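The values are calculated or read from the model by the stated rules, or taken from the named source; none is laboratory data. Treat the numbers as computed from the prediction; the structure is a model and nothing was measured. Cβ placement follows ideal geometry from the backbone for every residue including glycine, while neighbour counts extend to all protein chains displayed. Heavy atoms of the whole protein, side chains included, go into the accessibility calculation; ligands, DNA and RNA do not. Shrake-Rupley method; radii C 1.70, N 1.55, O 1.52, S 1.80 Å.
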Amino acid sequence: MFFFAAFYISAKERPIVSELSAIPGKGTVINVSWKLPVKPEPRVEQYSVYRSSSPIGTYYDISRATLIATVDSATAGYVDTVRNYNDYYYAVIAVVDGKNYDIILPSINSTVNGVHLKLPEKTENYTSTASAREKLIGPDELRDTPLPFLNFTDRVNRRPLPLSLDVKNVAKSLSRGFKKQPPKRLDVYVFEEDLISPDGGDDYLLFDILKNTFIQRKYVDACVQLESLLGTNCSIRVRNRATFYLGESLYYCRKYSDAVRTFLLIYDAYPALSKKWIDSSLDLLKLELD
């Protein structure tokens, strides 16, 4: 720490910017700003602004980063525009004698924490009906963030979930009138809240599980970790979404009976979505039994 502190003091007169920060703005904008060196030696010709999807900790990392702008030596900021919700890291390098000044100091002229766009603020009232809160993605619609196509995995043995008599009666009523044409398996559904990394809390725990298991098509692991999360005192919103993802994971494991039971548990929270997945699960279950 003493070394870096001493180096930072001595670097004030070197052609190195300091106090680099990246803050999300409105829409697709990220504001990048820095403090210019005082009378740098050698003289700075311009500054190169780099962006990367991973931390820029050494000068070698610059080769994997994207040069997004060059600005004059009197400029102390840049407005970057990105098109997705990934985490981004930035570095600002001085150009001296036609070449980059090859020193990278994390948290001084390169950011150490990823920054991503802000989620659009929701305008709907959460107290409205559950069906109105759901966003169903049709076959011809595109999501804000593309998701990988998910194939089915092999069967896995799972402990059946208990059902009350009322729930069984609802399941019977929903199973009436199977479609005559061969049923199609549904594509994965992800709630908008889980498309980008949240700042922390229960939402981040759920996001981390989805990133490492569900999106990677590791549905058996997803079932185990989602059930573990559901065993904690998480918020009702996270609990509802986690239960829904558990139902999807069981569905992709071809455990259609367990998937139906799970979707019924959050039927009141997501009636339209749950009915869609229950109907598909029952169709596929009937196809296997036939």
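How much length, in nm to one decimal, is gained on full extension between V29 and T81, taken as 0.36 nm per residue of separation minus their Cα-Cα distance?
Values: separation 52, 0.36 × 52 = 18.72 nm, distance 0.47 nm.
Contour length minus the Cα-Cα distance gives 18.2 nm.
With equal scatterers on the alpha carbons only and no solvent term, can you work out the Debye log10 of I(q)/I(0) for the range 199-242 at 0.15, 0.22, 0.23, 0.31 1/Å?
After summing over all Cα pairs, the log10 values are -0.31, -0.66, -0.72, -1.15.
Could you give the length gained by full extension between S53 and K184, i.e. 0.36 nm per residue of separation minus their alpha carbon distance, to one decimal place? Kindly include the intermediate steps, with their values, before the conclusion.
Working: separation 131, 0.36 × 131 = 47.16 nm, distance 3.64 nm.
Full extension from S53 to K184 adds 43.5 nm.
Which part of the range 58-93 falls in the paramagnetic zone of K99, meaning amide N under 13 Å from the point 7 Å along Cα-to-beta-carbon?
none
Run the quick spin-label model on A272 and K286: label points 7 Å from Cα toward the beta carbon, then report their separation in nm to one decimal.
2.4
Once fully extended, how much extra length lies between V71 and K168, figured as 0.36 nm per residue of separation less the alpha-carbon to alpha-carbon distance? Numbers along the way, then the final one.
Numbers: separation 97, 0.36 × 97 = 34.92 nm, distance 6.63 nm.
Gain in length upon complete extension: 28.3 nm.
Rolling a 1.4 angstrom probe over the protein heavy atoms, how many square angstrom per residue are accessible across the range 177-238? Before the final figure, lay out the partial values.
Values: 3700 Å² over 62 residues.
On a per-residue basis, 60 Å².
Debye sum, Cα scatterers, the range 201-290, no solvent: what log₁₀ I/I(0) at q = 0.10, 0.13, 0.16 1/Å?
Normalising to I(0) and taking log10 leaves -0.24, -0.40, -0.60.
Return the FRET efficiency for the residue pair R14, S235: r is the Cβ-Cβ distance, R0 is 51 Å, and the value is rounded to the nearest 0.05. Display every interim value, and only then the final one.
On the way: r = 49 Å, r/R0 = 0.95.
About 0.55, to the nearest 0.05.
Counting C-alpha atoms alone, how compact is the range 53-110: give Rg to one decimal and Dmax as a whole number, in angstrom.
Considering the range 53-110 through its Cα atoms, Rg and Dmax are 11.9, 36 Å.
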